[in-house]
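> The structure that follows is given in the form of structure tokens.
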Ligand code: FES
Ligand SMILES: [Fe+2]
């Protein structure tokens, strides 16, 4: 069991890291494929201004699929976002059927068309920092996201983005 | 003529007064300073909502026309506003965005606002209650009654928004200032207490008026796939734009077809009191405030101009304080799907004004910014912006289309048409 747990932890880490690549590269379908049917996604931050936890974005799997499938119809800032993620902690449930993970996250934005491309394109800045708080369902050989909370420290997103984080 | 050379580009457009403005009003430092002095320091601004100050001794801090401001709720539950400036040596008294003075601070006792620097403290009515080592330093030459805080005009009005004015001589209430522009939403907002459920802010490199313009004109729905597909029908094009004294405007409602957007659903299950399901009203208040009610969620934008090419926009979302958990979640999701920092429309609006901001600079060849659409004061008419700039011109005594010249009142559009026809010898 101990060894099996170790393997599962490694698989969870791998899934989180692979998902970073999928999201970085807009491989939205791969992302959705790795989410369970009851998946829920939310971006949240605590606002010290109004002393409340604020949900900025999110919904169930169907909603997130509709978000990504409609992207091409929307005008968006196409400046790429690149994640730097470190998985800090993975916990496998005693029954081996679920897992939870906390990862530290920084997302960098490299300007393309967001401002004045002649001057700004190629400039990288920190778009946001925060954490991924993830929950997983483990079913035999497969591990899927059941819940992802992107917990933001950054609360000035300025122009914002259409892309899930 | 197709493309234009310098002279043609700079020529007066073949439009009537008020139908264009000079881009200098969006980039000039001197005009910006003039605006802070003659507009922003003189008017009423809804700086926060009373639900952000639920308990006695709670406070919120903000900036109005560069002045640091603090709003506190007294133990008598009255909300008061003060300059957040210590009368001793001018330190900013409170540095946190919000909090409660029931707990003491490192320099001060509970239930006072205490300046950390030399520990002078003030009660919730702005009265100085302690000058540290007063007798030793001031003997009997100065006492607490001489060093109270600078109190500002403050009113709680329109669904619980907290309005502040730096202008002691404003001489009008918020209701008088609104001049009827808030009436359309007053029954919906005043029926029962509201509560803020969303707050985020953005600092955008553009002039504050460009954001206000975008809130005032709906012609830009071409920018938004969501609004085209859920609007753009007969009822949409019949929505009225109407002006009120003081440069405020209303945009009339219609029934939004949310179902038309793939993955989106009608919002008829939840609305605001007295608001028909899926309806959408908008109030744009001079000089930089917007109330936007889409059925289930109220949005309020407050602009804080930071420079000719920089504005902070605070976005609030509000529901009813009595909301069940489920209803509140529905309101939040409806709000975010369009208006959150990851929402469909907000990102697009912010991109567009960033584009305007980056194309306008103080030394630029003037851009004649066109506000000339006339469509019977309906949704794609640009009368809202014309109405705003008439007030702006009056207050600054500058012509919006030639800001180095004095303001001349705009003739009514019909008169302008007649003048144009006469000039053309028709
Ligand atoms: S500056 Fe505030 S106590 Fe001295
Ligand atoms: Fe818009």
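> Taking Rh as the Kirkwood radius, which is the inverse of the mean 1/r over Cα pairs, what is the Rg/Rh value for the stretch B:329-388?
Value, to two decimals: 1.12.
> If you average 1/r over all unlike Cα pairs in the stretch B:179-396 and invert the result, what Kirkwood radius do you get in angstrom?
Every distinct Cα pair counted, the radius reaches 17.8 Å.
> Equivalent-ellipsoid semi-axes (√(5λ), Cα gyration tensor) for the stretch B:31-125, whole Å, largest first?
25, 17, 9
> Moving on to the next point. Angle, helix A:2-24 long axis vs. longest principal axis of chain A, Cα atoms, 0 to 90°, nearest 10?
20
> Compare B:362, B:277, B:400 in a GNM of chain B, Cα atoms joined below 10 Å, and give the one with the largest fluctuation.
B:362
> Just want the ordering: B:49, B:380, from fewest to most Cβ atoms lying within 10 Å of their own Cβ.
Exposure proxy ranking, most exposed first: B:380, B:49.
> Then there is this: With runs of 4+ DSSP H residues as the only contributors, calculate the mean residue ellipticity of chain B at 222 nm using -39,500 (n - 2.57) per run, divided by the residue total and rounded to the nearest 500.
-6500 deg cm²/dmol
> Taking every pair of alpha-carbon atoms in the stretch A:44-125, what share in percent sits in each 10 Å bin, from 0 to the bin with the longest distance?
It works out to 13, 22, 39, 20, 4, 1, in whole percents.
> Mind checking which of A:149, A:62, A:49 has the largest fluctuation in a GNM of chain A, springs on alpha carbons under 10 Å?
A:49
> Something else: Specify the angular offset, from 0 to 90 degrees and rounded to the nearest 10, of the alpha carbon long axis of helix B:325-339 from the longest principal axis of the alpha carbons in chain B.
Once rounded, one gets 50 degrees.
> Per residue Cα convex hull volume for the stretch B:129-197, in cubic angstrom?
Per-residue hull volume (Cα only) is 142 Å³.
> Expressed in whole Å with the largest first, what are the equivalent ellipsoid semi-axes of the stretch B:286-352 derived from the C-alpha gyration tensor as the square root of 5 times each eigenvalue?
Each semi-axis is √(5λ); the values are 25, 14, 9 Å.
> For q = 0.15 Å⁻¹, what log10 I(q)/I(0) does the stretch A:2-152 give under the Debye formula with an equal point scatterer on each alpha carbon and no solvent?
Relative scattering, expressed as log10 I(q)/I(0), comes to -0.87.
> Give me the Kirkwood hydrodynamic radius of the protein assembly as shown in Å, from all C-alpha pairs, to one decimal place?
Hydrodynamic radius (Kirkwood, Cα pairs) of the protein assembly as shown is 26.4 Å.
> Please check: in the Gaussian network model of chain B (C-alpha springs, under 10 Å), which one of B:260, B:215, B:207 has the largest mean-square fluctuation.
Comparing B:260, B:215, B:207 in the GNM, the peak value goes to B:260.
> For chain B, take the longest principal axis of its alpha carbons; what is the angle in degrees between that and the long axis of helix B:413-423, to the nearest 10 within 0 to 90?
Relative to chain B, helix B:413-423 is tipped by roughly 40 degrees.
> In deg cm²/dmol, rounded to 500, what helix-only [θ] at 222 nm does chain A give when every DSSP H run of at least 4 residues adds -39500 (n - 2.57) and the total is split over its residues?
Rounded to the nearest 500, the figure is -7500 deg cm²/dmol.
> If you wrap the stretch A:90-143's Cα atoms in a convex hull and average its projection over all directions, what's the area in nm²?
So the Cα hull casts an average projection of 5.2 nm².
> Ranking A:64, A:70, B:385 by Cβ neighbours within 10 Å, fewest first, what do you get?
Ordered by Cβ neighbours within 10 Å, fewest first: A:70, A:64, B:385.
> Working only with C-alpha atoms, what are the Rg and Dmax values of chain B, expressed in angstrom?
23.7, 86
No lab work stands behind these numbers, since they all come straight from the coordinates. Owing to the predicted nature of the structure, the values given are computational and were not obtained by experimental measurement. Glycine gets a Cβ as well: all are built from the backbone with ideal geometry, and neighbour counts include every protein chain shown.
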